Amino acid sequence: MNTAAPTSDAELARALEQDYHAVTTEIGRRIVGQTAVVEQMLVTLLAGGNALLMGVPGLAKTLLVQTMAETLDLSFSRVQFTPDLMPSDITGTDLVQEDPATGRRELAFMAGPIFANMVLADEINRTPPKTQSALLEAMQERHVTIQGKTYPLPDPFFVFATQNPIELEGTYPLPEAQLDRFMFEIVLDYLREDDELAVVQATTGPAAAQLHPVISRERLLAYQCLTRRVTVAEPVARYAVQLTRATRPGTPAAAPAAERWLTYGASVRAAQFLVLAGKARALTRGRVHVGYEDVRALAAPVLRHRLLRNFQAESEQVTVDSLIAEFLGSITPTANVGSA
């Protein structure tokens, strides 16, 4: 594990780039393929966000999150969301405890599984909105309130939630307010044939690969602070804002595709996440400034869960990703800002 402390932002940026490649290499010892997924998850962590993982069963969503926690030396907690799950099953609750010395009974807080650095909300749409909302305060404020008392969550803190896109029976759609708190919706697809063969061979052998932490929690926190200090030129930030505004039907800035196919567009938080995630992506590529390509590369995971299609779009099977491609094509950058 890299523990030497860089003495300047330039040194820290170089260390981040090196550690990023080291982390992806270590994860690759257990997770085959899914390069773009791993990149988006690491960008989420560097930006201090949360992510929704969308994919059919059997694509190693749970294993991927657990592997990420191991590689980054983070405490990990998995919550299986079910219809009978209660908010206190996630956050914890006050219980009556008897003091053996005095015999007096007092309320003692028993922390729930949300008190971990990385929380996996597995099949989050299988529990009712009342329980889903237990995550809202944690995801936004990084603390939970129980019986009027506020408890801070570990630092760093991340929520990765999974959803199965093909099952509708017995599920509860996530409220828009909660969806908007996820920085990314990351889509996992089937692997290429050679990658799938490698997975089969690796998982049917005698033992799985043993991973080792690559960076410490303290170093990750330093990288998050560095991400906030990355430079963003005004034209690039304006491009992120224009892209977001183009998705809002019924507004002067709306693109034709938004007027025709959308009921609701992206919020201001989408523009914030485009810029913040762009900063993290730039650092992973050895740059200390954000380029247009960073915003364009992250537009799909930032926007796809924030755009509400209308009935016509759903009936004609117009996908959200195809609409995002139209928005990207409709807005021209105003200046040439370097990227890679």
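The values are calculated or read from the model by the stated rules, or taken from the named source; none is laboratory data. As the structure is a prediction and not an experimental result, all values here were calculated from the model. Using ideal geometry, Cβ is built from the backbone for each residue, glycine included, and neighbour counts are taken over all protein chains shown.
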Problem - Single condition GLN178 does not satisfy, out of (1) outside the structural domain of ILE124 (by TED's automatic domain parsing); (2) under 24 Å from SER322 (Cα atoms) - result: (1)
Problem - In region 12-53, the residues that are within 19 Å of ARG192 (Cα to Cα), in a helix (DSSP H, G or I) and in contact with a Ser or Thr (Cβ under 9 Å, 6 or more places away or on another chain) - result: THR24, ILE27, GLY28, THR35, VAL38, GLU39
Practice task
Filter region 55-93 for residues that are in a strand (DSSP E or B) and either touching a residue at least 60 places away in the same chain (Cβ under 8 Å) or of a type in the set (Phe, Trp, Tyr) (or both) and give the result.
Solution key: PHE76
Exercise for the section: Can you run down the residue pairs with Cβ atoms below 9 Å, 6 or more apart or on separate chains, where the first is in region 258-277 and free of Cβ contacts under 8 Å to residues at least 24 places away in the same chain and the partner is surrounded by fewer than 16 Cβ atoms within 10 Å (Cβ to Cβ) and assigned to a loop (DSSP other than H, G, I, E, B)? Expected result: GLU259/GLY250
Practice task
Answer yes or no: is there a residue in region 38-52 that is modelled with pLDDT of 90 or more, in contact with a His (Cβ under 9 Å, 6 or more places away or on another chain) and surrounded by 21 or more Cβ atoms within 10 Å (Cβ to Cβ).
Solution key: yes
Fill in the blank from the handout: Scanning region 307-332 residue by residue, the ones that are part of a helix (DSSP H, G or I), touching a residue at least 60 places away in the same chain (Cβ under 8 Å) and farther than 14 Å from VAL295 by Cα total 3
Practice task
Specify the residue that is nearest to ALA222 (Cα to Cα); the eligible residues are those in region 115-156 that are of a type outside the set (Val, Ile, Thr) and in contact with a His (Cβ under 9 Å, 6 or more places away or on another chain).
Solution key: LEU153
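Each row is one residue, and each column tells you yes or no for (1) touching a Gly at 6+ places or on another chain (Cβ under 7 Å); (2) not aliphatic (A, V, I, L, M); (3) not assigned by TED's automatic domain parsing to the domain that holds ASN117.
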{"residue": "LEU16", "(1), (2), (3)": "no, no, no"}
{"residue": "ARG29", "(1), (2), (3)": "no, yes, no"}
{"residue": "VAL79", "(1), (2), (3)": "no, no, no"}
{"residue": "ARG104", "(1), (2), (3)": "no, yes, yes"}
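Starting from residues that are among the charged types (D, E, K, R) and crowded, with 19+ Cβ neighbours inside 10 Å, keep the ones in region 123-137 and report whichever is farthest from GLN66 (Cα to Cα).
By that ranking, first place goes to ARG126.
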Exercise for the section: Inspect all residues belonging to region 242-257 and state whether any of them is in contact (Cβ under 8 Å) with a residue 12 or more places away in the chain, within 23 Å of GLY48 (Cβ to Cβ) and either outside any loop (DSSP other than H, G, I, E, B) or in the same structural domain as LEU323 (by TED's automatic domain parsing) (or both). Expected result: yes
Practice task
Please work out if THR204 is surrounded by fewer than 17 Cβ atoms within 10 Å (Cβ to Cβ), among the hydroxyl-bearing types (Ser, Thr, Tyr) and either within 22 Å of HIS305 (Cα to Cα) or at pLDDT 95 or above (or both).
Solution key: no
Exercise for the section: For region 207-216, state whether one or more residues are over 23 Å from the mean Cα position of the chain (by Cα), over 28 Å from ASN117 (Cα atoms) and either of a type in the set (Gly, Ala, Ser) or exposed (fewer than 12 other Cβ atoms within 10 Å of the Cβ) (or both). Expected result: no
Completion exercise
When every residue in region 92-117 that is closer than 30 Å to GLN66 by Cβ and of a type in the set (A, V, I, L, M) is compared, the one surrounded by the most Cβ atoms within 10 Å (Cβ to Cβ) is ILE114
